Amino acid sequence: MKISEYEPGNGADILREIAKDPNWVIFTNDDTIDAYRKSLEKSITYVCYNNGDFCGYVRAILDEGLSVYVSELFVVPGCRNHKIGQALLERVSRDFSNLTVYALSDEDAYYERKGYIKAGSVFKLEAPG
């Protein structure tokens with residue numbers, strides 16, 4: 001298993017795999033896919049490959065000098081339960097050990113199983129009316 005920093009060529013692998021999961025359509029529909037490609041490049045993004053096969057990625061957002069927020073963590077279904085997600089999260093934590101790293105999650109049970117501490121929640125803000 002090899003985890004490395006994102007390079008533009010990794011985008012095709014990421015988009016191909018997340019497009020297979022209906023829960024990730026927000027990133028792969030015609031209206032958002034180009035913006036998401038740019039986000040992968042501008043964010044803190046790491047990819048994982050095993051024997052040349054794409055296994056997963058993590059994308060995080062830096063709040064300069066304060067915190068890092070893991071926005072997405074995805075592991076290809078056939079690669080799950082091999083500690084790839086954990087390794088991706090550990091890479092972010094190690095590379096930004098001087099900052100607090102938070103995970104924005106809709107998969108709380110995963111993070112709880114890994115022993116991470118819940119620290120609040122996330123709300124979607126919309127203009128009233």
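What follows draws every value from the coordinates through simple rules; no lab data is involved. Computed from a prediction, not measured in an experiment: that's the story for all the values here. No Cβ is skipped: glycine too gets one built from the backbone with ideal geometry, and neighbour counts run over all protein chains shown.
So the values come out like this:
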| quantity | calculated |
| --- | --- |
| Lys114-Val25 FRET efficiency (beta carbon distance; Förster radius 30 Å; 0.05 resolution) | 0.70 |
| Partners for Lys114 among lysines (Cα-Cα distance below 22 Å; same-chain residues under 8 apart left out) | Lys2, Lys83 |
| For segment 58-71, 3J(HN,Hα) per residue [Karplus equation, 6.51 cos²θ - 1.76 cosθ + 1.60, θ = phi - 60°, Hz, x = Gly/Pro] | 9, 10, 10, 10, 8, 9, 2, x, 10, 8, 10, 10, 6, 8 |
| Stretch gain in nm, segment Ser121-Ser39, where the contour uses 0.36 nm per residue and the Cα spacing is subtracted | 27.2 nm |
| Long-range amide H partners of Val70 with built H, under 5 Å | Ile61, Tyr102, Ala103, Leu104 |
| Translational D in µm²/s for segment 1-91 (Stokes-Einstein at 10 °C, 1.306 mPa s, Kirkwood Rh from C-alpha pairs) | 119 µm²/s |
| Two-site FRET efficiency, Arg16 against Asn98, from Cβ-Cβ distance with R₀ of 41 Å, rounded to 0.05 | 0.75 |
| Protection proxy ranking of 42-51, 27-36, 116-125 - average other beta-carbon atoms within 10 Å, highest first | 42-51, 27-36, 116-125 |
| Estimated 222 nm signal from helices in the chain, with DSSP H stretches of n ≥ 4 weighted -39500 (n - 2.57), rounded to 500 | -8500 deg cm²/dmol |
| C-alpha center-to-center spacing [segment 37-51, segment 90-124] in angstrom | 18 Å |
| Rh by Kirkwood over Cα pairs, then Stokes-Einstein D for segment 57-104 at 1.002 mPa s and 20 °C, µm²/s | 193 µm²/s |
| Net charge over other residues, Cβ less than 13 angstrom from the Cβ of Ala87 (K, R count +1; D, E count -1) | +4 |
